[in-house]
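Beneath this line is the structure, given in structure tokens, with notes to follow.
Just so it is clear, none of the values below were taken in a lab; they were calculated from the coordinates. Source: prediction; values computed, not measured. Note that we place each Cβ from the backbone using ideal geometry, even for glycine, and neighbour counts take in every protein chain shown.
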Amino acid sequence: MARIAGVNIPTNKRVPIALTYIHGIGHTKAGQIVDKVGIAHEKRVSELTDAEVIQIREVIDSDHMVEGDLRREVAINVKRMMDLGCYRGLRHRRNLPVRGQRTHTNARTRKGPARSIAGKKK
């Protein structure tokens with residue numbers, strides 16, 4: 001099992017798909033990394049040599065912000081918005097959708113389970 005950026009990536013998947021298991025690497029970045037290292041897109045992680053794994057690790061470390069660093073950066077940005085008191089910060093503070101979605105109905109993922117109102121009858 002290959003370990004890249006502190007994440008065990010699955011061995012039976014193709015390399016670009018396996019790289020998406022790392023937080024901060026999506027399909028596009030994974031393809032760019034594989035192209036830069038010079039590995040075929042059809043190659044599986046189990047078929048990689050140790051040198052290729054090291055090359056992938058070096059490319060990710062030098063060019064991309066992933067995992068803990070990225071999570072920390074996002075948390076700092078959200079905290080900054082909350083401290084500023086800007087609209088997005090207020091939405092984060094109240095646990096409401098930040099990007100303009102409706103809240104009259106839906107938004108249950110962000111708002112949590114529906115709470116009943118005591119004494120309300122139709």
**Report entry** Cβ-placed point charges (K, R +1; D, E -1), dipole of segment 6-96 about Cα centre in debye, nearest 20
**Finding:** 760 debye
Query - Selection from MET65, VAL37, ASN77 lying farthest towards where the dipole of segment 31-78 points positive, charges on Cβ - result: ASN77
Requested in this report: Divide by every residue of the chain the summed helix terms, -39500 (n - 2.57) for each DSSP H run of at least 4, and state the resulting mean residue ellipticity at 222 nm, rounded to the nearest 500 deg cm²/dmol.
Outcome: -14000 deg cm²/dmol
Requested in this report: Compute the relative contact order of segment 72-114 as a whole-number percentage, counting only Cα pairs closer than 8 Å that sit 6 or more residues apart in sequence.
Outcome: 22 percent
Query - Nearest-0.05 FRET efficiency for VAL78 and ARG44, computed from C-beta distance (R0 35 Å) - result: 0.40
Query - Residue-by-residue Karplus 3J(HN,Hα) for segment 27-43, coefficients 6.51, -1.76, 1.60, Hz, glycine and proline x - result: 5, 5, 5, 4, x, 5, 5, 5, 5, 5, 6, x, 9, 5, 5, 7, 5
Report summary line: The orientation-averaged projected area of the Cα convex hull of the chain, in nm², is 11.6 nm²
Report task. Go through 41-48, 93-100, 19-26 and give me the packing order, highest mean Cβ count within 10 Å leading. Result -> 19-26, 41-48, 93-100
Requested in this report: At 7 Å along the Cα-to-beta-carbon direction for both THR109 and ASP69, put a label point, then send me their distance in nm to one decimal.
Outcome: 2.8 nm
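Normalising by the residue count of the chain, find the relative contact order in percent from Cα pairs under 8 Å and 6+ residues apart. If you can, show how the numbers build up before the last one.
Values: 118 pairs, mean separation 21.7, N = 122.
Once divided by the residue count of the chain, the mean separation gives 18 percent.
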Query raised in the report: For segment 1-70, with the dipole built from +1 on Lys and Arg beta-carbon atoms and -1 on Asp and Glu ones, taken about the Cα centre, which of ASN12, HIS27, THR49 lies farthest toward the positive end?
Result: ASN12
Requested in this report: Please give the helix 50-63 orientation as an angle from the longest Cα principal axis of the chain, in degrees from 0 to 90, rounded to the nearest 10.
Outcome: 40 degrees
Report summary line: Quick calc, SER62 & ASN12: beta-carbon distance into FRET formula, R0 30 Å, rounding 0.05, result 0.60
Query raised in the report: Once amide H atoms are placed 1.01 Å from N in the peptide plane, what residues at a sequence separation of 5 or more from ALA2, or on another chain, have their amide H within under 5 Å of its amide H?
Result: ILE9
